[in-house]
Amino acid sequence: MDQLIEISQAKLAGITTQPKRFLYTKINWNWRLNGIVGARGTGKTMLLLQRLKEQGNQTKSIYISMDEFFFTDNRLYSTIVELRKRGFGHFYLDEIHKYEGWSRELKNLYDTYQDIQITFTGSSILDILKQEVDLSRRAVIYHLPELSFREYLLLTGQPTIDAIPLPALLQSHTDVRNRFPADFRPLVHFKTYLESGMYPFFLEQTELFHHRLLQVVKLIIESDLKFIEGYDARNAQKIFHLLYSVAQNVPFKPNVSKLSDKIGITRNTLIHYFHYLDKAHIVHLLYAQGKSTSALQKPEKLLLRNPNLAYTISPKAINAGSLRESYFVSQVGYDHQVSLHNTADFVVDDQFVFEIGGSNKSAKQLQNLPNGYLIKDEIEYGYERTIPLWMFGLLY
C-alpha cells in the first residue's frame, strides 16, 4: 500500500499543469465516477496527473496504474477501501482495462461509498458501458482524440484562438484568419503538424516521433486488441500485414475477396479486423449516407486515422488526397457523424456536404447543393463557400 503512495508521488515530479488538453475543462471532476477513453499516446495519463497536481493535496488524492505488480495479489476494491481509511478520497486509476473484473468492483465502490471520487482511463477499443455490469447510470465517459491543429499551435507557443463549433466556422470562416496576427503563417505549421504533431509526445525528442508512434501501433495490435471479445492474438501479424496493405493503397476501397486471399483469412474475419482497427483508432471506416455500420458490414472506404500514421507506417506512399481526407475526418469526426456522399466527398450530420482538394480544386461536385462547401488545402484565406482545410483543426 505504501508503495502505491510512493509511486503516485514520484509520478508527479516534473508534471506541469499547463498547457492542458481541451478535454480537461469539459470534465466534471466533481462527479463520483468519470471515465476517459482514447487511443494510446493521446495524453490520458497526463490528464490524470495534471488534475492530481492541481488539487495540491497528495495526502487525499492518489494516482494508481492498474498494471502494477501490486494487483497480482491484491484487489482494487480492498485497496481503495484501505486507502479511504487513511483519508484518501480521490482516486485516479490508469489503464483500467488491464485489471480483470474492474467494472464490477467500480460499481460496488460507487454504490457503497458516496464520499469518494474515481476517475479512470481506458483504451478506445472498449465499450466502457457494455461490461459485465451496467455502469451507464453511474459513469460519465469522455473521449480523448488526437491533438487538434489548434491544440498543436498552443503546445508549440504559436498564436491560436478558442475552439469554434462547426456551424459557426461554416458561417464565419472568412473572419477566422483575421483573428490571428497578420504575420502568422498557418500553412508552415500545418505541414509539420500533419507529419508529426497529432500526439502530445511530439514535444519529446521529435526526431524519434515516428519510431515512437510505430511502437504505439505495435502495442495496440499486440496488446490492446486482446481485450476485444473474440480477438485471437495469434493473428497479430496478419493485422500488421493488413494495415500495411491499407497504408500502401490509400485512399482504400476494400476489395474483400482479393485482400482476404492475399492475407490468408476469411472474408468475415477480415471485416472484423477492419472494425478492430477502427475501434483502436488506427483507421476510419466510412460508409455511404444511411448505410449500416454493423460489425459485419463491409466499409465502402477506409482511411488511416490521421496523417501522422501515414508518415509513420508507409512514408514512401504518401497520397496528398488521402492525407487531406484523413485529416478532415479526424477533426470533424470527433463531434459529428461523417458519411460518404454520392456526388461529393463527405456529408456531415446528414446536413453539410464537403468536397476536398488542393488549391485548384473546382466546385462542380457541389452544384445545386445549398449546404455544400469546397475545402481547399494550401490556401490561408477562405471566401464565400470555399474554406481553407487547416481551419477544420480549430473545432476542438
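Things worth noting here:
- Here Ile271 passes the criteria (1) in contact (Cβ under 8 Å) with a residue 24 or more places away in the chain; (2) out of contact with any Leu (no Cβ under 8 Å at 6 or more places or on another chain) except the one numbered (2).
- The residue of the range 92-117 that is nearest to Glu229 (Cα to Cα), among those that are crowded, with 22+ Cβ neighbours inside 10 Å and of a type in the set (A, V, I, L, M), is Ile96.
- Only residues that are assigned to a helix (DSSP H, G or I) and closer than 20 Å to Ile313 by Cβ were counted in the range 242-274, giving 13.
- The condition (being at pLDDT 95 or above, part of a loop (DSSP other than H, G, I, E, B) and not aliphatic (A, V, I, L, M)) is satisfied by just one residue among Asn34, Asn28, Asn57, Asn108: Asn28.
- Of the criteria (1) closer than 24 Å to Ser124 by Cα; (2) not basic (Lys, Arg); (3) not in a helix (DSSP H, G or I), which one Gly157 fails: (1)
- Within the range 79-96, residues that are more than 17 Å from Gln9 (Cβ to Cβ) reach partners that are hydroxyl-bearing (Ser, Thr, Tyr) and not in a loop (DSSP other than H, G, I, E, B) with beta carbons closer than 7 Å, at six or more positions or on different chains, in the pairs Glu95/Ser65; Glu95/Thr121; Ile96/Thr121.
- Contacts under 7 angstrom Cβ, first residue in the range 216-239 being within 18 Å of Asn268 (Cα to Cα), partner at pLDDT 85 or above and surrounded by fewer than 20 Cβ atoms within 10 Å (Cβ to Cβ), 6 or more apart: Ala236/Glu222
- Filter pass, Ile80 being crowded, with 19+ Cβ neighbours inside 10 Å, outside any helix (DSSP H, G or I) and of a type in the set (A, V, I, L, M): no
- Taking (1) of a type outside the set (A, V, I, L, M); (2) surrounded by 17 or more Cβ atoms within 10 Å (Cβ to Cβ); (3) assigned to a loop (DSSP other than H, G, I, E, B); (4) over 20 Å from the mean Cα position of the chain (by Cα) in turn, Ser136 satisfies each apart from (2).
This table checks each residue for (1) touching a residue at least 60 places away in the same chain (Cβ under 8 Å); (2) under 18 Å from Thr42 (Cβ atoms).
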{"site": "Lys279", "(1), (2)": "yes, yes"}
{"site": "Tyr287", "(1), (2)": "no, no"}
{"site": "Lys301", "(1), (2)": "no, no"}
{"site": "Leu304", "(1), (2)": "no, yes"}
{"site": "Leu309", "(1), (2)": "yes, yes"}
{"site": "Lys316", "(1), (2)": "no, no"}
{"site": "Ser322", "(1), (2)": "yes, no"}
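- Restricting the range 374-394 to residues that are farther than 16 Å from Asp175 by Cβ and of a type in the set (A, V, I, L, M), the residue that is farthest from the chain's Cα centre (by Cα) is Leu374.
The values are calculated or read from the model by the stated rules, or taken from the named source; none is laboratory data. Just so it is clear, the structure is predicted and the values come from calculations on it, not from any experiment. So basically every Cβ, Gly included, is an ideal-geometry build from the backbone, and we count neighbours across all protein chains shown.
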